[in-house]
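Here's the structure, in structure tokens; my notes come after.
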Amino acid sequence: MKQKLTIGLFGFGVVGQGLHDVLKTSPAFDAEIARICVKSKKKRTLPEEMFCYNPDEIINDPQINTIVELIDNANDAYHIVKKALQKGKNVVSANKKMLAENMAEMIQLQKENNVSLLYEASACGSIPVIRNLEEYYDNDLLLSVTGILNGSSNYILSKIFDQNQSYTDALKKAQELGFAESDPSFDVEGFDSLFKLIILTTHSFGTIVNPNNVLTYGISNISDFDIQYAREKGFKIKLVGQVERLKDNKITLFVLPRFVGKDKYIYSVEDEFNGVVVKGRAYDKQFMFGKGAGGHPTGSAVLSDITALAHNYKYEYKKMNFFDEFKYYKDDAIEIYLRYSDEAVLDHFNFNSVSEEYKGPKYNYKIGCIKLSHLIEIKEKLRQLDIFIAATGRSLNY
């Protein structure tokens, strides 16, 4: 049975304004935005009495039964969502960083207060990947989830490989179009993809992983040499997040640039689009594709969650509650391409084996197998070195 939703909205940027407009015209369910909390006063398209500047005015309002949180600051989002859940209010959030860093607590708060926290908009924009993992892939057949999870970095790489732009020019264009921030590190260093991957892992395998314990490496150090190497081999480079099931109820996950061939679904995922490949024992591979960023794609996911709340929907965290526990395993080996100039760099890397290597006048590279645990130990150092790392994409597990 549907219930009327009286909404307290936090944030009134592009997504928040779009959500307000859509709710006014949507006949599907009974919902209205009662108050909007923003940081500061300025002239807006709605009457001044709609706005407040103290979060507690909304959280403590007994008439408001639903909170929609659409702000950038993860710390502020955490306090808003936590208070709202403790007050017995259902919540919709799009804050991937806050969710990934506090997933266990958020799940416990829902249980303790018999409320629902939905966050489809936190991962892959308009693609309903969380709901699909929760409802459709809720059995024990899932093997891996692999995808392009960040539209900004994918736009940059698309311009590099499809239009021969330099990394610097492609980044500048992405910033001009609003796909990348003035400080693009959250996207291009892989952190946005990491937080999304943590959330997808929770719904794929029922395992909550600390983001600090996951190998994350981005595309900011890519060079013309790396691009030319990929082209000569018939590859594109994509920034990819992956969680994969191993033997004995173990999983491994990482975010890395990857060499992607034409035979892979994500090869043709371009510009600001996201693409997610779900692999299983019985159904092989299934592919989901859509815009992963922007006001309208994100707004559509927020609206979907609000509609679900109107029908009393909750995540059941089925893999966590009804299946054997999967353990995060960091000692799995992965095959990587390492480009470097200074031979001293190799002192940081402990390759198990090397299958290919090249030494040139300016750049050198090695391709070989190395333990994830070793790369995780030095992951902060990796960003400081004059190197580029990419996964070859060759699986060592199947």
Residue in the stretch 145-160 that is farther than 22 Å from PHE254 by Cα and in a helix (DSSP H, G or I) present: yes
Selection count where residues are more than 18 Å from LEU256 (Cβ to Cβ) and out of contact with any helix residue (DSSP H, G or I) (no Cβ under 7 Å at 6 or more places or on another chain), scope the stretch 357-380: 7
Subset tally (residues that are more than 18 Å from TYR315 (Cα to Cα) and either in contact (Cβ under 8 Å) with a residue 40 or more places away in the chain or not hydroxyl-bearing (Ser, Thr, Tyr) (or both)) for the stretch 66-100: 13
Residue in the stretch 15-26 that is of a type in the set (S, T, N, Q), surrounded by fewer than 19 Cβ atoms within 10 Å (Cβ to Cβ), within 30 Å of PHE205 (Cβ to Cβ) and not assigned by TED's automatic domain parsing to the domain that holds ASP187 present: no
Every residue from the stretch 8-51 that is of a type in the set (A, V, I, L, M, F, W, C), within 19 Å of HIS296 (Cβ to Cβ) and touching an Asp or Glu at 6+ places or on another chain (Cβ under 8 Å): LEU23
Criterion (assigned by TED's automatic domain parsing to the domain that holds ASP263, closer than 30 Å to GLU181 by Cα and not basic (Lys, Arg)) met by exactly one of TYR340, TYR358, TYR363: TYR340
Residue in the stretch 119-133 that is touching a Ser or Thr at 6+ places or on another chain (Cβ under 6 Å) and on the phi > 0 side of the Ramachandran plot present: yes
Residue count, the stretch 158-177 (criterion: touching a residue at least 12 places away in the same chain (Cβ under 8 Å) and of a type in the set (D, E, K, R)): 3
Residue among ILE107, ILE130 that alone is closer than 22 Å to VAL255 by Cα, of a type outside the set (Lys, Arg) and out of contact with any Pro (no Cβ under 8 Å at 6 or more places or on another chain): ILE130
Strands (runs of 3 or more DSSP E) fully within the stretch 235-292 counting 1 or more residues that are buried (at least 22 other Cβ atoms within 10 Å of the Cβ) and among the aromatic types (Phe, Trp, Tyr): 250-260, 273-280
All positions within the stretch 100-118 that are touching a Ser or Thr at 6+ places or on another chain (Cβ under 7 Å) and farther than 18 Å from GLY299 by Cα: MET103, GLN110
Which listed residue, of ASP169, ASP192, ASP138, is among the charged types (D, E, K, R) and buried (at least 24 other Cβ atoms within 10 Å of the Cβ): ASP192
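If you go through the stretch 186-207, how many residues are under 30 Å from GLY280 (Cβ atoms) and not in a helix (DSSP H, G or I)?
3
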Test result for ASP183, over 18 Å from ARG258 (Cα atoms) and in a loop (DSSP other than H, G, I, E, B): yes
Residue check, PHE12 surrounded by 13 or more Cβ atoms within 10 Å (Cβ to Cβ), under 16 Å from SER304 (Cβ atoms) and aromatic (Phe, Trp, Tyr): no
Filter result for the condition that a residue is charged (D, E, K, R) and within 30 Å of LYS173 (Cα to Cα), over GLU101, GLU105, GLU135, GLU120: GLU120
Condition met for ASP331 (among the charged types (D, E, K, R) and either in contact with a strand residue (DSSP E or B) (Cβ under 6 Å, 6 or more places away or on another chain) or modelled with pLDDT under 95 (or both)): yes
Qualifying residue in the stretch 308-326 (condition: in a loop (DSSP other than H, G, I, E, B), in contact (Cβ under 8 Å) with a residue 60 or more places away in the chain, hydroxyl-bearing (Ser, Thr, Tyr) and assigned by TED's automatic domain parsing to the domain that holds ARG245): no
Residue satisfying all of: in the stretch 361-379; assigned to a loop (DSSP other than H, G, I, E, B) and touching a residue at least 60 places away in the same chain (Cβ under 8 Å); surrounded by the fewest Cβ atoms within 10 Å (Cβ to Cβ) among these: LYS362
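The values are calculated or read from the model by the stated rules, or taken from the named source; none is laboratory data. Please read all numbers here as calculations on a predicted model, not as lab measurements. Neighbour counts run over all protein chains shown; Cβ positions are idealised from the backbone, glycine included.
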